[in-house]
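Undergrad: Please find one structure pasted underneath; my questions will follow.
The values are calculated or read from the model by the stated rules, or taken from the named source; none is laboratory data. Everything numeric here is computed off the predicted structure, so don't read it as measured data. Every residue, glycine as well, gets a Cβ built from its backbone with ideal geometry; the counts of neighbours run over all protein chains shown. Just the protein is used for accessible areas: all its heavy atoms, side chains included, with ligands, DNA and RNA removed. Shrake-Rupley method; radii C 1.70, N 1.55, O 1.52, S 1.80 Å.
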Amino acid sequence: MNFADLGLSDELLHAVTEAGYTEPTPIQASAIPSVLMMRDLIGIAQTGTGKTAAFVLPMIDILAQGRSRARMPRSLILEPTRELAAQVAENFEKYGAGHKLSMALLIGGVSMGDQLAALEKGVDVLIATPGRLMDLFGRGKILLTGCNLLVIDEADRMLDMGFIPDIEEICTKLPKQRQTLLFSATMPPPIKKLADKFLENPKTIEVSRPASTNLNITQRVVHVTSAKKRDVLRRLLSGDEVRTAIVFSNRKTTVRELNKSLQRAGFRSAEIHGDMDQSARIAELDRFKNGDVNILVASDVAARGLDVKGVSHVFNYDAPWHPDDYVHRIGRTGRGGATGTAYTFVTADDAENIANIEKLTGQKIEVFDLGGAAPAAESEPAAEEQAPRPERSRDRRVRGERAPRGEERTARSEERAPRGEERAPRAEEPRRAREERAPRQEEPRRRREPETTQDDGGWNGPIPAFLDVRLTV
């Protein structure tokens, strides 16, 4: 089967061919004809299967007929994150080049003025995150009564992020007679309840079992201690087979620190996380897509919707807290029929997380043996990886390197310790100097001493016990 068999227009087929695609993926082959027939649809498909094009392509042909009106979008696509929304917008620009369709991207982190201006002119396609859409709707800046086509994408992610109440409210403001498409990688009970409430006799398409992982991805777990994570990551990233890679961490602070660590070690890396504004995140993504950098360190903000061709590896620097996130993280590789490799670093505290992932996906993840070779060293060790200072100093003496000045003094003292009888006079030198500089009133006391006493300026009696170092050697 090819795209021409799906009922798409000639203009759209030309755009698809220009994009380099000849055969539809299973989700596209099953969904596109049903969407063109104006049926409601539930699409259950794992990430990386081409489901975005499964609704973008037929939507372009459906919207080719008709005209938009001010503040009344003709169709609405809801996405859980800014990155996913921007990804869908890129698809419309790429495939809709031969159509005169207007589009607006309604997301946080960018100027609201530009978005309002686009809405005032009228748009055929509105791509939005629920939060920004509800904000503008509450201000009376947008009307949904003319929206006849709704797409709810990544519905299970919407559930995780707490957007389901917003989606339910949005659905109540749309015309009851509309076409609704719902796509999700999994179908938990709240999502099924949402579909039952707002979809009318939908066709269900399932191209793989829920929560399954892409069979084109080789999955491995790497048992490692927290202190050795960076060393192991640098070693694996240095492999010849790593072309482009995404490294996921659970915390934004770890993303920043890890990116700096990789850059110090000579890797071409960038970062993306939730503390960055939208323009900065887009700029970093563009650098990664253009090849200016080949390693992207990211939090889960990039786990879904990031579609970059040729990502050869995914590294879970931190094992994900939620099993569903694992499926979406590793789905950044092995896309469009390509193969990929995913490594997950596992510490002793991650045993339960890995067990939950294997339970969800229904498969045992292969354990990767590092082979016992020493990891590559970093030019500037991280603070948490540095050993206590005294131990480092002893290591330097063993290797013959110069120890700190304080240690040199300690070492010299230890070397001369057996020569205690030579140290006693040296210890008295400051005392002798003080006696020579003593005030005049001390001189009469000396003159009253017997003439037989010889004053040589030093101690001529028995050595006190506290000065006799020979007793302690």
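Undergrad: Could you check Met276 against (1) assigned to a loop (DSSP other than H, G, I, E, B); (2) touching a Leu at 6+ places or on another chain (Cβ under 6 Å); (3) of a type in the set (A, V, I, L, M, F, W, C) and say which number it fails?
TA: If we test Met276 against (1) assigned to a loop (DSSP other than H, G, I, E, B); (2) touching a Leu at 6+ places or on another chain (Cβ under 6 Å); (3) of a type in the set (A, V, I, L, M, F, W, C), just (2) comes out false.
Undergrad: Still on this structure, I have one more. For region 350-385, which residues satisfy the criterion of being open to solvent by less than 60 Å² (accessible area, probe 1.4 Å), under 19 Å from Ala227 (Cβ atoms), at pLDDT 70 or above and hydrophobic (A, V, I, L, M, F, W, C)?
TA: Phe368, Leu370
Undergrad: Here's another thing I want to ask about it. Return the residues of region 67-91 that are open to solvent by less than 50 Å² (accessible area, probe 1.4 Å), over 21 Å from Ile167 (Cβ atoms) and modelled with pLDDT of 85 or more; say none if nothing qualifies.
TA: Asn91
Undergrad: Which residues, taken from region 86-118, are small (Gly, Ala, Ser) and in contact (Cβ under 8 Å) with a residue 60 or more places away in the chain?
TA: Ala86, Gly96, Ala97, Gly98, Gly108, Gly109
Undergrad: Can I ask one more? (1) under 27 Å from Arg39 (Cα atoms); (2) in contact (Cβ under 8 Å) with a residue 24 or more places away in the chain; (3) more than 24 Å from the chain's Cα centre (by Cα); (4) open to solvent by 40 Å² or more (accessible area, probe 1.4 Å): which one isn't true of Leu159, the others all being true?
TA: Tallying (1) under 27 Å from Arg39 (Cα atoms); (2) in contact (Cβ under 8 Å) with a residue 24 or more places away in the chain; (3) more than 24 Å from the chain's Cα centre (by Cα); (4) open to solvent by 40 Å² or more (accessible area, probe 1.4 Å), Leu159 fails exactly one: (3).
Undergrad: Kindly indicate whether Lys229 is open to solvent by 60 Å² or more (accessible area, probe 1.4 Å), under 30 Å from Asn316 (Cβ atoms) and not in a loop (DSSP other than H, G, I, E, B).
TA: No.
Undergrad: OK, next. Quick one: which of Met103, Met112 is under 31 Å from the mean Cα position of the chain (by Cα), surrounded by fewer than 19 Cβ atoms within 10 Å (Cβ to Cβ) and closer than 28 Å to Ser279 by Cα?
TA: Just one listed residue meets the conditions, Met112.
Undergrad: Residues Pro202, Pro189: which one is under 30 Å from Val151 (Cα atoms) and open to solvent by 50 Å² or more (accessible area, probe 1.4 Å)?
TA: Step by step, each of Pro202, Pro189 is checked, and only Pro189 is under 30 Å from Val151 (Cα atoms) and open to solvent by 50 Å² or more (accessible area, probe 1.4 Å).
Undergrad: Only residues that are under 16 Å from Gly98 (Cα atoms) and either among the hydrophobic types (A, V, I, L, M, F, W, C) or out of contact with any helix residue (DSSP H, G or I) (no Cβ under 6 Å at 6 or more places or on another chain) (or both): list them for region 1-19, please.
TA: Those that are under 16 Å from Gly98 (Cα atoms) and either among the hydrophobic types (A, V, I, L, M, F, W, C) or out of contact with any helix residue (DSSP H, G or I) (no Cβ under 6 Å at 6 or more places or on another chain) (or both): Leu8, Asp10, Glu11, Leu12, Leu13, His14, Ala15, Val16, Thr17, Glu18, Ala19.
Undergrad: If I filter region 39-51 for residues that are of a type in the set (Ser, Thr, Tyr), part of a helix (DSSP H, G or I) and either farther than 19 Å from Leu174 by Cβ or free of Cβ contacts under 8 Å to residues at least 40 places away in the same chain (or both), do I get at least one hit?
TA: Checking region 39-51: not a single residue is of a type in the set (Ser, Thr, Tyr), part of a helix (DSSP H, G or I) and either farther than 19 Å from Leu174 by Cβ or free of Cβ contacts under 8 Å to residues at least 40 places away in the same chain (or both).
Undergrad: A follow-up question, please. Which numbered condition in (1) touching a residue at least 40 places away in the same chain (Cβ under 8 Å); (2) closer than 30 Å to Asn201 by Cβ; (3) part of a helix (DSSP H, G or I) is the only one that Pro80 fails?
TA: The one condition Pro80 does not meet is (3).
Undergrad: Quickly run through region 120-144 and pick out the residues that are within 18 Å of Glu79 (Cα to Cα) and assigned to a helix (DSSP H, G or I).
TA: Result: Pro130, Gly131, Arg132, Leu133, Met134, Asp135, Leu136, Phe137.
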